[in-house]
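Only one structure is covered here, and it is reproduced in the block below.
Any read-out appearing in this document is the output of simple, stated calculations on the displayed coordinates, not a laboratory observation. Since the model is a prediction, treat every value here as computed from it, not as a measurement. With ideal geometry, Cβ positions are generated from the backbone for all residues, glycine too; neighbour counts draw on all protein chains shown.
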Amino acid sequence: MIEFCYETPFSLKNEEEVRSWINTVVEGENKTVHELVYVFCDDERLLELNREYLDHDTYTDILTFPYSESDGIQADIFISIPRVLENAKRYNIVVEEELRRVMIHGVLHLVGYNDHSEDEKIKMRELEESKLKMFHVEQ
């Protein structure tokens, strides 16, 4: 089950297509989604969570909280809509594309990929690109 919760005036235009895409990505990594909740919020909410749970005093675009380490994904993913909007503008890309990038970035963490080292960051970016292309093929 994939749910979308909105704490800002923002809402996805195509929830079913996004659900299908995320499920396809997860299944391609030999995992299943048990419960995945996306919470779209503002900067202050993410900053509060970042301080409380990670002891980081910085703004971020996404925080992922897994609740299971099995093959079945159970997690909450918090996404700052203002960060996504700012990043889209900064990188001169469509907001929906940046949002999907951030959404799948969280999923990639949940299926076992990291981005701590430079090599891992490069691999993560390649995976994001590959998974974003899957969204366009499915639609």
**Study point:** Volume of the Cα convex hull of region 5-83, divided per residue and given in Å³
**Key:** 95
**Study point:** Fraction in percent of alpha-carbon pairs per bin - 5 Å, the chain
**Key:** 2, 10, 19, 24, 24, 15, 5, 1
Practice item. As a check on your grasp of the helix formula, calculate [θ] at 222 nm for the chain: sum -39500 (n - 2.57) over DSSP H runs of n ≥ 4, divide by the residue count, round to the nearest 500. Key: -17500 deg cm²/dmol
Practice item. Within region 22-130, report the GluC sites (Glu not before Pro) that DSSP leaves as loop and that have at most 16 other Cβ atoms within 10 Å. Key: GLU69
Review point. Please state the equivalent ellipsoid semi-axes for region 67-139: what are the square roots of 5 times the Cα gyration tensor eigenvalues, largest first, in whole Å?
Key: 21, 15, 14
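For the chain, what's the relative contact order in percent, using C-alpha pairs closer than 8 Å and at least 6 residues apart?
On the way: 199 pairs, mean separation 30.8, N = 139.
About 22 percent, as a whole number.
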Review point. Pick from LEU99, LEU127, LEU36: which residue has the top mean-square fluctuation in a GNM of the chain where Cα pairs under 10 Å get a spring?
Key: LEU127
Study note, to complete from the structure: Of the residues LEU12, TYR38, VAL107, the Cα lying farthest along the dipole of the chain towards its positive end, which is defined by charges on the beta carbon of Lys, Arg, Asp and Glu, belongs to LEU12
**Study point:** Dipole in debye (nearest 20) - the chain, about Cα centre, beta carbon charges: Lys, Arg +1; Asp, Glu -1
**Key:** 380
Practice item. Please figure out what share of the DSSP beta bridges in region 2-138 is antiparallel and state it in percent, rounded to the nearest 5. Key: 25
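I'd like the Kirkwood hydrodynamic radius of region 14-54, using the inverse of the mean 1/r over distinct C-alpha pairs, in Å.
Working: mean 1/r = 0.0810 Å⁻¹.
Averaging 1/r across every pair of different Cα atoms and inverting gives 12.3 Å.
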